[in-house]
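The values are calculated or read from the model by the stated rules, or taken from the named source; none is laboratory data. All values reported here derive from a predicted model rather than from experimental measurement. Quick reminder, even Gly has a Cβ in these numbers, built from the backbone with ideal geometry, and neighbours come from all protein chains shown.
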Amino acid sequence: MREQCAPAKLGRVGLLAFSLNPLSVPEPLLTMNGVSVWTAAGAHLLRDISWQIEPGEQWALLGPNGAGKSTLLAIAGATRHPSTGEVTLLGGKFGACDMRALRAQVGMVEPTPRLLDWLTAEDVVVSGLTQTVRPHWERVGPAELRRIGELLQLFGCAQLAQREARTCSQGERQRLRIARALMPEPRLLLLDEPATGLDLPAREALLAALSLLSRSHQCLACVTVSHHLEDLSPATTHALLLREGRAIAQGPIDAVLTQKLVSDCFGIDVVVQREGGRWFARAAPRWT
C-alpha cells in the first residue's frame, strides 16, 4: 500500500518537522503563484509561473537553453527569491520564514558540485548529513550508519564505500552525489541535469537507481531538469515545458509530452515516442 504523507510544518526551532499519519491529508510540497523573475537590466528569466508539486510526484522540467529551468529550480530549492509572485515550500512562505531551514530540507544535486577527491564514497554520503564539503562523523550514530549503507546499496555503490572519490567513474560519482543529497531525508529532491556527461551504461545505471528510489521512497517528490527526453527516469509522472521563461504546458506526463507541445517548446518539429516506459525524441524528417 502506498504510504500517506503528512504535511510539513515549521517547528519551534525553525526547522521543518514531518509526521506520518494515515488520516492526514498531504499538503503540496511546493506551490508557486504568478512567479516572475527579471534581472537588474530588465531581462525576464521567468514570466508568470504557477506550479504545484505534491508528495511522491516525479517531475521533468524540460526546455531549450535559456528557457529558465535553472532559475525555476533555484526558487524551488529556496536559493533564490522571485521578483514577483508567491512561493510556499514545505509549509514555509517565502518572505515569512527562515530560508535556511527550507534549504536544509531540500536535496539539491547541481551539475558540477565540488567533491574532495581524497574522501571515500562513504565520506561523501556522510557529508550530506550536515550539507558540508567535509564529513562530520561525530554526528553519525547507528541510525545514520544504517542509512548510509542503505543509500549506497540503493545506488549500486556499496562496493565503493571505502574507495576514494578520485577513483570512481563520473557515473559513480553522480550516484554518490544523489545519495549524499538524500542523507538529511528531504521530502523534495532537485536534480539539475543529472545525466550530463554520462556515457550510456552510466546513464542507464543512474535512471535505474532513480526508478528504485521512487519505489522505496514513495513520499519523496523529485524534479529532474533535462534537455533530453531520453534522460528521464521511467518513474517520471509529470512534466513542465518551459520556453523563454514561460510555461508552455504542465501536468501528467502523457498529456504534456506530445509531439505538438514538445515541438512548440523546442522550436522545431519533433517526433516523440514512448517505449517500455521510456521517452525518446528526434527532429522530424524534412523532405525536399
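Yes or no, residue by residue, for (1) assigned to a helix (DSSP H, G or I); (2) in contact with a strand residue (DSSP E or B) (Cβ under 8 Å, 6 or more places away or on another chain); (3) at positive phi:
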residue: GLY171; (1), (2), (3): yes, no, no
residue: LEU191; (1), (2), (3): no, yes, no
residue: GLY197; (1), (2), (3): no, no, yes
residue: GLU204; (1), (2), (3): yes, no, no
residue: SER211; (1), (2), (3): yes, no, no
residue: ARG215; (1), (2), (3): yes, no, no
residue: GLN218; (1), (2), (3): no, no, no
residue: THR224; (1), (2), (3): no, yes, no
residue: SER233; (1), (2), (3): no, yes, no
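Taking the condition of being out of contact with any Leu (no Cβ under 7 Å at 6 or more places or on another chain), at pLDDT 90 or above, closer than 18 Å to MET108 by Cβ and surrounded by fewer than 22 Cβ atoms within 10 Å (Cβ to Cβ), how many residues in the stretch 191-207 meet it?
1
Would you be able to say whether some residue in the stretch 115-135 is within 17 Å of LEU189 (Cβ to Cβ) and out of contact with any Pro (no Cβ under 9 Å at 6 or more places or on another chain)? Don't jump to the end; show me each part of the working.
First pass over the stretch 115-135, keeping only residues within 17 Å of LEU189 (Cβ to Cβ): 124-125, 127-129, 131.
Now narrow it down to the ones that are out of contact with any Pro (no Cβ under 9 Å at 6 or more places or on another chain): none.
Among the residues of the stretch 115-135, not one is within 17 Å of LEU189 (Cβ to Cβ) and out of contact with any Pro (no Cβ under 9 Å at 6 or more places or on another chain), which makes the answer no.
Taking the condition within 13 Å of the chain's Cα centre (by Cα), under 23 Å from GLY251 (Cβ atoms) and modelled with pLDDT of 95 or more, does GLN58 pass?
Values: within 13 Å of the chain's Cα centre (by Cα): yes; under 23 Å from GLY251 (Cβ atoms): yes; modelled with pLDDT of 95 or more: yes.
Answer is yes for this residue.
Which of the residues belonging to the stretch 134-185 are of a type in the set (D, E, K, R) and closer than 17 Å to LEU206 by Cβ?
Filtering the stretch 134-185 down to residues of a type in the set (D, E, K, R) leaves 134, 138-139, 144, 146-147, 150, 163-164, 166, 172-173, 175, 177, 180, 185.
Hits for the stretch 134-185 are GLU172, ARG173, ARG175, ARG177, ARG180.
Residues to consider are LEU210, LEU220, LEU154; find the one that is in contact (Cβ under 8 Å) with a residue 24 or more places away in the chain, over 30 Å from GLY92 (Cα atoms) and surrounded by 15 or more Cβ atoms within 10 Å (Cβ to Cβ).
Details: LEU210 fails: over 30 Å from GLY92 (Cα atoms); LEU220 fails: over 30 Å from GLY92 (Cα atoms).
The match here is LEU154.
Considering only residues of the stretch 115-133 that are touching a helix residue (DSSP H, G or I) at 6+ places or on another chain (Cβ under 6 Å) and in a loop (DSSP other than H, G, I, E, B), which is modelled with the highest pLDDT?
LEU119
Can you tell me how many residues in the stretch 159-169 are surrounded by fewer than 14 Cβ atoms within 10 Å (Cβ to Cβ) and assigned to a helix (DSSP H, G or I)?
Going through the stretch 159-169 one residue at a time, the tally reaches 3.
Go through (1) modelled with pLDDT under 90; (2) within 30 Å of ARG47 (Cα to Cα); (3) out of contact with any Gly (no Cβ under 9 Å at 6 or more places or on another chain); (4) charged (D, E, K, R) one by one and return the number of the condition ARG166 breaks.
Every condition holds for ARG166 apart from (2).
Of all residues in the stretch 41-90, which are surrounded by fewer than 21 Cβ atoms within 10 Å (Cβ to Cβ), assigned to a loop (DSSP other than H, G, I, E, B), at positive phi and touching a residue at least 40 places away in the same chain (Cβ under 8 Å)?
Matches in the stretch 41-90: GLY56, GLY66.
Taking VAL256, is it crowded, with 22+ Cβ neighbours inside 10 Å and modelled with pLDDT of 95 or more?
No: the conditions fail for VAL256.
For the stretch 126-136, indicate whether the set of residues that are β-branched (Val, Ile, Thr), under 24 Å from ARG246 (Cα atoms), crowded, with 16+ Cβ neighbours inside 10 Å and touching a residue at least 12 places away in the same chain (Cβ under 8 Å) is non-empty.
At the first step, the residues of the stretch 126-136 found to be β-branched (Val, Ile, Thr) are 126, 130, 132-133.
Those left that are additionally under 24 Å from ARG246 (Cα atoms): none.
Looking through the stretch 126-136, none of the residues is β-branched (Val, Ile, Thr), under 24 Å from ARG246 (Cα atoms), crowded, with 16+ Cβ neighbours inside 10 Å and touching a residue at least 12 places away in the same chain (Cβ under 8 Å).
Restricting attention to the stretch 273-288, and to residues there that are under 23 Å from the mean Cα position of the chain (by Cα) and modelled with pLDDT of 90 or more, which single residue is surrounded by the most Cβ atoms within 10 Å (Cβ to Cβ)? Before you say what the answer is, go through the steps one by one.
Initial filter on the stretch 273-288 (under 23 Å from the mean Cα position of the chain (by Cα)): 274, 276-281.
Next cut, modelled with pLDDT of 90 or more only: 274, 278-281.
Numbers: ARG274: 13, ARG278: 15, TRP279: 22, PHE280: 13, ALA281: 18.
Per the stated criteria, the residue is TRP279.
Got a sec? Which of THR88, THR112 is β-branched (Val, Ile, Thr), modelled with pLDDT of 90 or more and within 18 Å of the chain's Cα centre (by Cα)?
Numbers: THR112 fails: modelled with pLDDT of 90 or more.
Sole residue among the options that is β-branched (Val, Ile, Thr), modelled with pLDDT of 90 or more and within 18 Å of the chain's Cα centre (by Cα): THR88.
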